[in-house]
Amino acid sequence: MNSPTPSTSAAAGGATPRKFQNFIAGKWCDSVTGETYENHSPANWKDIIGTFPRSNEEDVDRAVKAARKAFKTWRLVPAADRGNIFQRMGDLMVKHKEDIAREMTREMGKVLKETMGDTQEAIDTAYYAFGESRRLFGHTVPSELPNKNCMTFRMPIGVAGLITPWNFPSAIPAWKSFPALLCGNTVVFKPASDTPATAVRLVELLLEAGVPPDAVNIIHGSGRKVGIPLIEHPEVDLISFTGSSEVGRDISSRAGARLKRVSLELGGKNPQIVLDDGNLDLALEAALWGAFGTTGQRCTATSRLIIQAGVHDKLVDMLKNATNKLRCGDGLDPKTDVGPLVNEAQRDTVESYVKIGLDEGAKLVCGGERDTSPQCANGWFYRPTVFAGVTPEMRIAKEEIFGPVLSVLKVKDFDEAIAVANNVDYGLSSSIFTQDVNRAFRAMRDIEAGITYINGATIGAECHMPFGGVKDTGNGHREGGWTVYEFFSEIKTIYVDFSGTLQKAQIDNY
Ligand code: NAD
């Protein structure tokens, strides 16, 4: 969480910070532990966002029991009525869009333009849920026997445990909670400890939109004290998790041992390929946006730029000039291009990877240090960094850094570009810049990733399209679009026999 170093905590001052609470069984309440933590703005440690409960398994148990009880009635509400709530939710979020975005920038650092986008994604997801409420289709299929019909319905499953990261504080919780509720499940939500205030705002608006109080619960606290008890609770039927691959593995084994349905959206090491015939101006813009947007803290961030030899030197030069012009600072300042890292640990990780890159023999093109400008004095800032001369086996080419560090790899041709792109354990997003339609289609087929952009950055998911990855990026589920409704509902198969006889399939008809 965004806590300052001890030497700076004394500087925190001003108005009394807001005291935030859990929302359990229809009431805002403290944790049974009575313990709290402070969350500070990563752009300015002196700015305290608020105090939040440090909850434990007893809080989880209360919330799950409330959600279980609420499921009995919520599952029977017509889907269209549930959908109307999400129309209201979208309207409310439109009304409060800028406030939500400003608080989000203050809480986690990314620039206002991006937090406005994050909020818009949640709005789009709400309206999409409203539309989907009348489209929870099943199938009707002829039977193999006479006077008999077959059909399927989509059924609610039960209590959904939702565990989210901090980098999309509105969009990711919306991607999970809206379809979960729309499908008739009830929710226990554990947000990331770095972005609990945005999560509270979302729950407040869900309640205002008309979600019954017991049907949505929020519990603040750590992965260990809240996340694990939520996964292991016998009355939680499904888990939707977004976060690191390391934690995803742990969750998968705990949920697997209990035969729970679990959706995992995990890390990435996303390549942008630029071929000799690619539009270099667009490729540059995409690389800057992809690598340094959200300070590189996106699962879809461009962390590898794979450039064909003919345009390599020119593009690296263009990249150096443009990157050096990026201004770090508070995301609420319109002059800022790149906000801070979310917390001290994240900046330490970035620093350690820069050292690893140097030790591995990569060439530092620009960045590689903390930003010491006056506007960065009290935050977790790091200069956008580019390494060239990176080879596919280097750690900075293979491991997720989750910060503003871009590794450039030079390749001789298209085939080598694809091979290098695939030489990682992850497979979330990818992109290629080329004017050659044949190579574009081969890339769509051959890049090992859940998402491929042609002549676009590796980022820019739209809420009505499936989102997720292959390899260590997940376990085969997709968020977003129609696919997430499949995760949050169970198929029930029905046979209706109106023959007046007891017909035996596979026997009577052969
Ligand atoms: P994280 O895995 O550290 O934490 C994610 C959430 O899990 C937090 O709420 C955390 O408190 C909780 N948690 C931690 N340990 C847990 C445990 N053992 N059991 C249960 N819950 C636990 O990730 P983060 O640092 O918050 O986010 C960054 C990571 O998320 C990156 O790897 C990034 O690529 C990934 N991410 C993926 C996507 C995607 O859709 N694929 C989107 C955004 C972020």
Item to check | Degrees between helix 171-182 axis and first principal axis of the chain (Cα, 0 to 90, nearest 10) | outcome: 0
Checklist entry - Label points 7 Å out from Cα along the Cβ direction at residue 464 and residue 204: separation in nm? => result 3.1
Next on the checklist: How many angstrom lie between the Cα centre of the range 365-409 and the Cα centre of the range 62-83?
Outcome noted: 46
Checklist outcome for this item: Over 27 Å (Cα to Cα) among 95/269; 19/97; 335/471; 72/176; 97/269 -> 95/269; 335/471; 97/269
Next on the checklist: If I fit a long axis through the Cα atoms of helix 245-257 and take the longest principal axis of the Cα atoms of the chain, what angle between them do I get, 0 to 90°, rounded to 10?
Outcome noted: 20
Checklist entry - Points 7 angstrom from Cα along the Cβ direction at residue 282 and residue 149: gap in nanometres? => result 5.0
Next on the checklist: What distance in nm lies between label points placed 7 Å from Cα along the C-beta direction at residue 258 and residue 320?
Outcome noted: 5.4
Checklist outcome for this item: Filtered hits (lysines, Cα-Cα < 24 Å from residue 504, offset >= 8 within chain) -> 148, 492
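Rolling a 1.4 angstrom probe over the protein heavy atoms, how many square angstrom per residue are accessible across the chain? Could you put the intermediate results ahead of the total?
Working: 20690 Å² over 510 residues.
In whole numbers, the chain has 41 Å² accessible per residue.
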Checklist entry - So, in Å, what gap is there between the alpha-carbon centers of the range 250-274 and the range 146-184? => result 17
Next on the checklist: Restricting to DSSP loop positions (anything but H, G, I, E, B) with no more than 15 other Cβ atoms inside 10 Å of their own Cβ, which trypsin sites (Lys or Arg not before Pro) remain in the range 243-306?
Outcome noted: 258
Checklist outcome for this item: If one compares the long axis through the Cα atoms of helix 97-108 with the longest principal axis of the Cα atoms of the chain, the angle in degrees, nearest 10, works out at 60
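The values are calculated or read from the model by the stated rules, or taken from the named source; none is laboratory data. Worth saying up front: this structure is predicted, and the values here are computed from it rather than measured. Every residue, glycine as well, gets a Cβ built from its backbone with ideal geometry; the counts of neighbours run over all protein chains shown. Note: accessible area is taken over every heavy atom of the protein model, side chains too, but ligands, DNA and RNA are not part of it. Shrake-Rupley method; radii C 1.70, N 1.55, O 1.52, S 1.80 Å.
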